[in-house]
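One structure below.
The values are calculated or read from the model by the stated rules, or taken from the named source; none is laboratory data. Remember, predicted model here, so these are calculated numbers, not experimental data. All Cβ positions, glycine included, derive from the backbone under ideal geometry; neighbour counts span all protein chains shown. Quick note on the areas: whole protein, heavy atoms, side chains included, nothing else; ligands and nucleic acids left out. Shrake-Rupley method; radii C 1.70, N 1.55, O 1.52, S 1.80 Å.
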Amino acid sequence: MKKLDKERLILALAAPLLAIVAALVITSGVILTTGKDPFYAFYVMIDFGSKSDSQVWIINKAIPYYLSAVAVAIGFRMNLFNIGVDGQYRIAAFFAAVVGGSLTLPGILQIPIVIIVAMVVGGLWSSIAGLLKITRGIHEVVTTIMLNFIAASTIGFFLQDGRLAEKDGNLFHTPDIPASSHFFTIPTDPDPIYGTVVVAVLVGLAYWFVLGRTRFGFDLRAVGRSESAASASGVSVKRMVVTSMVLSGIVAGLVGMPTLLNASYNYGTDFPAGIGFTGIAIALLGRNHPVGMALGALLWGFLERTGTQLEFEEYAQEIVGVMQGVIVLCVVIAYEVVRRYGLSRQQRQVGEQLAAQARKSEKKKAEVSA
């Protein structure tokens, strides 16, 4: 057992180390082709990213990225590809902003109402894809992509002056949420950390506990690995498909809350878009693990923050995008290579043990017959 645990530990460490080395080598090669010094680029990134204002910015940026990754990961654990997190969080944030801007309740009541509205809208929107999958057999990728476009069109229709929005210069946005209903912040110098980081931590803990420590989580993962085996053991595959899509949408509804309750306090034409697609990359980067996705979200924020400084140093602005793509690819490939190596090594060990037992059995038979 000690030997086995040691081998597992080595394999577990080999994958991320291999990914880091490969990503650094490939990224350095790309930077060299532009005629720039890769080592100086890494120095600039580390130096700028370690400043206090950068650290706060990275944490705040990582909060919605992490929530988006968890929403995607719930589907991944079920072998579902919820590519519609982007549309789910946007339409959830829009209607939550409409409700929040129309109420004047005490913050202790209004903030939970806004969050619950976002979660309900996100869950209902994602449930459409689940229902279409179990009733009509339509793949969730197709339906969630189309639902993204429908969500954007719905928001565009209502985000007009005289409907559910008001005009402010060249922008349209929903009425502002009252100051009494703004989410708390954590005082730091020079800027505060969004209090919604607490929500992200709670979501991560719930994700870890529900999917890893409950019967429901076991059933969900079982269906993701083999629908036929799960069905034979009494698990309702159709119910699990809809439930997992709804849970994914509920978490997706929280993605827009850091911006809505800690920054903009309304939903406007400048509200962040594309976070759902970033969540897919971070879920892959973190291997659907709550801690891994948290580190991936922080890394993504770090790259975005330090990428702006690289532009001032006359590095190509596309370098950060290349780094992000290379890191995700290296992580996916490295883990797959290590997984296959570990599987083949395990098979060899089992074969050697069986062969040794067979030789031992034949030797005993020979001794008995003699």
Candidate values (1) 1.07; (2) 1.16; (3) 1.04, label of the one derived for Rg/Rh (Cα atoms, Kirkwood Rh): (1)
Return the sequence-ordered ³J(HN,Hα) values of region 125-130 in whole Hz as given by the Karplus equation 6.51 cos²θ - 1.76 cosθ + 1.60 applied to θ = phi - 60°, using x for Gly and Pro. 5, 6, 5, 4, 5, x
Rounded to the nearest 500 deg cm²/dmol, what is the calculated helix-only ellipticity per residue at 222 nm for the chain, with -39500 (n - 2.57) per DSSP H run of length n ≥ 4? -25500 deg cm²/dmol
Can you spot the aspartates and glutamates whose alpha carbon is less than 16 Å from K167's alpha carbon? Ignore those fewer than 8 places along the same chain. D176, D270
In region 105-181, what percent of the accessible surface is made up of carbon and sulfur (1.4 Å probe, ligands and nucleic acids excluded)? 70
With all protein chains modelled, accessible area of L24 [1.4 Å, Å²]: 90
How many nm separate the modelled label positions at I46 and F184, each set 7 Å beyond the Cα in the direction of the Cβ? 3.7
Would you kindly derive the ³J(HN,Hα) couplings of region 133-140 from the backbone phi angles with the Karplus curve 6.51 cos²θ - 1.76 cosθ + 1.60 (θ = phi - 60°), listing them in order in whole Hz, with x for Gly and Pro? 5, 7, 9, 10, x, 7, 5, 5
Would you tell me the accessible area of I150, worked out with a 1.4 angstrom probe on the heavy atoms of the protein chains, in Å² to the nearest 10? 80
Largest to smallest accessible area among V142, V98 [probe 1.4 Å]: V142, V98
Sorted list, accessible surface of protein heavy atoms, 1.4 Å probe, largest first, for I63, I333, I108, I250 is I108, I333, I250, I63
Once you treat every alpha carbon in region 118-200 as an equal point and sum by Debye, what is log10 I(q)/I(0) at q = 0.11, 0.12, 0.20, 0.25 Å⁻¹? -0.55, -0.64, -1.01, -1.11
So, with +1 on the Cβ of K and R and -1 on the Cβ of D and E, and no other charges, what is the size of the charge dipole of region 278-370 about its Cα centre, to the nearest 20 debye? 1200
Net charge dipole size for the chain [Lys, Arg +1 and Asp, Glu -1 on Cβ; Debye, nearest 20]: 2520
Under 27 Å Cα-Cα from K36, which lysines qualify once same-chain neighbours fewer than 8 residues away are excluded? K51
Mind checking which aspartates and glutamates have their C-alpha under 15 Å from K360, skipping anything on the same chain fewer than 8 residues away? E352
For the chain, build the charge dipole from Cβ charges (+1 Lys, Arg; -1 Asp, Glu) around the Cα centre, then report which of S361, H139, L310 sits farthest towards its positive end. S361
Report, in debye and to the nearest 20, how large the dipole of region 26-89 comes out about its Cα centre when Lys and Arg carry +1 and Asp and Glu carry -1 on their Cβ. 120
Probe 1.4 Å, heavy atoms of protein chains only: per residue, the accessible area of region 82-212 in Å² is 49
